[in-house]
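Novice: Got a structure here, written out as structure tokens. Questions coming.
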Amino acid sequence: MELELFETLGISLGLGLLVGLQRQHDQSQLAGIRTFPLITLFGTISGFLAQDFGGWIIAMGILSLAILVAVANFMRSRAPHVDIGLTTEAAALLMYVVGAYLVLGQVTVAVAVGAVVAVLLHLKETLHRIVAKIGQNDLRAIMQFVVISLVVLPVLPDRTYGPYGVLNPHNIWLMVVLIVGIGLLGYFAYKIFGQKSGTVLGGILGGLISSTATTVSYARRTKDHGKASSMLAALVIFIASAVSVVRIITEVAVVAPSTLPTVAPPLAALLLLMLVLGGILYFFKGSAKDSMPEQANPAHLKTALIFGAIYAAVILATAFAKDQLGSSGLYIVAVISGLTDVDAITLSTSRLMQVGSMEPANGWRLILVAALSNLAFKAGLVGVLGSRSVFMKVALLFGIVLAGGLLVLWLWPENFQVPFINLEAKQI
């Protein structure tokens, strides 16, 4: 018991020193390397006392600290040219609570919160620069994602409707939140790097946001710039398509983690082929540079509704095909769905695998067929919208990948698995 007490006090002292070091380095006038450890230890001692005398001890402690901070700020305000903020004050109150939570709650949570406080304080300039780059459209994107994820999702009923009992509004919208979140991550990465993003980074960001939109954008640019841009455009389009395979594997990992030992290896084999081809293409691209075209906000409510409708239609079509046509009908759905949006068929198949309605050995084949269908569709877009030069390059690259994908479908061992660490997760 005594050893645990000193261990808790040691953690409290360490967290206080961590935050105090950052505040001292930032030249805070209110609290620094000595004050923050005292505050955190104050909270920890209050937590120990609260176990015997009740929670009012902690309440009185935080009230006393708040009065102490207010008095200190009042005294400082009498001096000329003093800028009194709230960051250090808020950190002091929070670290007191962290100190108390070390005793009354979970140590790992308290340590994580203390570390996050230190990191947030340290990243002041970086966060300010990021905020300075956020325009009205970017703020709208954030607010729209909040509406999509935190307003719409909680009110949707978590029960099945419609034929075959497969349409669950809550689960459908949860998939919408996942896809919009991935797109929004890529969008803000693009906003941070902007036009400075090079060819490889442009392809990566394009794959995160939308590989199809990236294909359309770069294909159109080759009409204006001719052969000079065809190699770069082909490389960006190809990288974005490779990232879309990573995106597929990520979606499976989130929705159906238990199937990864079976599903991930064949998809990773296709990704490896694409990485090799992309490396060869990058070697021959020369020294030319390119900038990424302006990207649209992926968090529009209209975009979310469209994806939700597509996802629901794919779920319904999958259930219908399985009931009426058997396993062969599912491949027809995969080909058609992959033409427009490979995310929808990936998520619906992943859910079927997770709940046991489909074997993983069949699920990865459906997903791979949809991915190959999507590649063929994007090659067609390049042929219609781009120059002949970029189409020839993309057609060759995608043709090799399609051939490799068909070989994987044909030759991959039926029950092959990689012994991953058990990835049990809460079912989505």
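Every read-out reported here was derived from the displayed coordinates using simple, explicitly stated rules and does not represent laboratory data. Quick caveat: nothing in here was measured; it's all calculated off a predicted structure. Cβ: placed from backbone, ideal geometry, glycine included. Neighbour counts: every protein chain shown.
Novice: Go ahead and set up a Gaussian network model of the chain, Cα springs under 10 Å, then flag whichever of ILE306, ILE345, ILE33 fluctuates most.
Specialist: ILE33
Novice: Something else about it: Under the definition of Cα pairs under 8 Å and six or more residues apart, what whole-number percent is the relative contact order of region 136-411? Could the numbers behind the result be given before it?
Specialist: Working: 358 pairs, mean separation 70.2, N = 276.
Relative contact order for region 136-411 comes out at 25 percent.
Novice: Post the alpha-carbon centroid distance, region 106-150 to region 304-325, in whole angstrom.
Specialist: What the calculation gives is 36 Å, centre to centre.
Novice: Using the Kyte-Doolittle scale, which helices in the chain average at least -1.0 and also have C-alpha atoms spread 24 Å or more along the helix axis, with helices defined as whole DSSP H runs?
Specialist: Working: long enough: 2-25 (34 Å, 0.57); 35-53 (26 Å, 1.11); 56-77 (31 Å, 1.85); 87-104 (25 Å, 1.61); 169-193 (36 Å, 1.53); 199-225 (25 Å, 0.15); 230-255 (37 Å, 2.22); 260-284 (35 Å, 2.10); 301-324 (34 Å, 1.22); 360-385 (37 Å, 1.22); 388-411 (34 Å, 1.99).
Those that clear 24 Å and a mean of -1.0 are 2-25, 35-53, 56-77, 87-104, 169-193, 199-225, 230-255, 260-284, 301-324, 360-385, 388-411.
Novice: Within the chain, what's the longest run with no trypsin sites (Lys or Arg not before Pro) in a DSSP loop and at most 13 other beta-carbon atoms within 10 Å? Give the range, please. Don't skip to the answer; put the middle values down first.
Specialist: Numbers: sites that count: ARG34, ARG78, ARG159, LYS289, LYS426.
Answer - 290-425.
Novice: Right, another one. Which one of ALA268, TRP364, PHE398 has its Cα pushed farthest toward the positive end of the charge dipole of the chain, where Lys and Arg give +1 and Asp and Glu give -1 at the Cβ?
Specialist: Comparing the listed Cα positions along the dipole, PHE398 ranks first.
Novice: In which sequence would PHE238, PHE188, PHE284, PHE48 go, from the one with the fewest C-beta neighbours within 10 Å to the one with the most?
Specialist: The order, fewest Cβ neighbours first, is PHE284, PHE48, PHE188, PHE238.
Novice: Filter the cross-link list LYS223/LYS302; LYS191/LYS302; LYS191/LYS223; LYS223/LYS378 down to pairs whose alpha-carbon distance in this structure exceeds 24 Å.
Specialist: Details: LYS223/LYS302 30 Å; LYS191/LYS302 21 Å; LYS191/LYS223 26 Å; LYS223/LYS378 16 Å.
Flagged as over cut-off: LYS223/LYS302; LYS191/LYS223.
Novice: Additional query: Using the Cα gyration tensor of the chain, with a ≥ b ≥ c the square roots of its eigenvalues, what is the shape: rounded (a/c below 1.5), prolate (a/b larger than b/c) or oblate (neither)?
Specialist: Working: a/c = 2.48, a/b = 1.72, b/c = 1.44.
Taking the square roots of the gyration eigenvalues as a ≥ b ≥ c, the chain is prolate.
Novice: Give the distance, in whole Å, between the Cα centre of region 329-365 and the Cα centre of region 1-21.
Specialist: Using only Cα atoms, the two centres lie 51 Å from each other.
Novice: Report, in debye and to the nearest 20, how large the dipole of the chain comes out about its Cα centre when Lys and Arg carry +1 and Asp and Glu carry -1 on their Cβ.
Specialist: Details: 26 positive and 20 negative charges, 339 e Å.
Here the size comes out at about 1640 debye.
Novice: Using Cα-Cα distances under 8 Å and only pairs 6 or more residues apart, what relative contact order does region 205-271 have, in percent?
Specialist: On the way: 42 pairs, mean separation 22.5, N = 67.
Taking the mean separation of contacting Cα pairs over the length of region 205-271, I get 34 percent.
Novice: Please give me the summed charge of the neighbours of VAL147: other residues whose Cβ is under 13 Å from its Cβ, Lys and Arg +1, Asp and Glu -1. All intermediate terms of the calculation are to be shown ahead of the outcome.
Specialist: Values: positive: ARG140, LYS302; negative: none.
Every neighbour counted, the sum reads +2.
Novice: Moving to a separate point now. Taking the simple approach of a point 7 Å from Cα along Cα-to-Cβ for both VAL355 and LEU409, what is their distance in nm?
Specialist: 2.6 nm
Novice: Follow-up. Percent of alpha carbon pairs in region 1-48 separated by more than 18 Å? The partial results should precede the final answer.
Specialist: On the way: 349 of 1128 pairs.
Across region 1-48, Cα pairs with separations above 18 Å total 31 percent.
Novice: Then there is this: For HIS25 and LYS302, what is the calculated FRET efficiency with R₀ set at 60 Å and r taken between the beta-carbons, to the nearest 0.05? Let's see the in-between values first.
Specialist: Details: r = 47 Å, r/R0 = 0.78.
The calculated FRET efficiency here is 0.80.
Novice: Continuing with the same structure: What full-extension length gain, to one decimal in nm, is calculated for ASN137 and VAL384 as 0.36 nm per residue of separation minus the Cα-Cα distance?
Specialist: Values: separation 247, 0.36 × 247 = 88.92 nm, distance 3.08 nm.
Full extension of this stretch gives 85.8 nm more.
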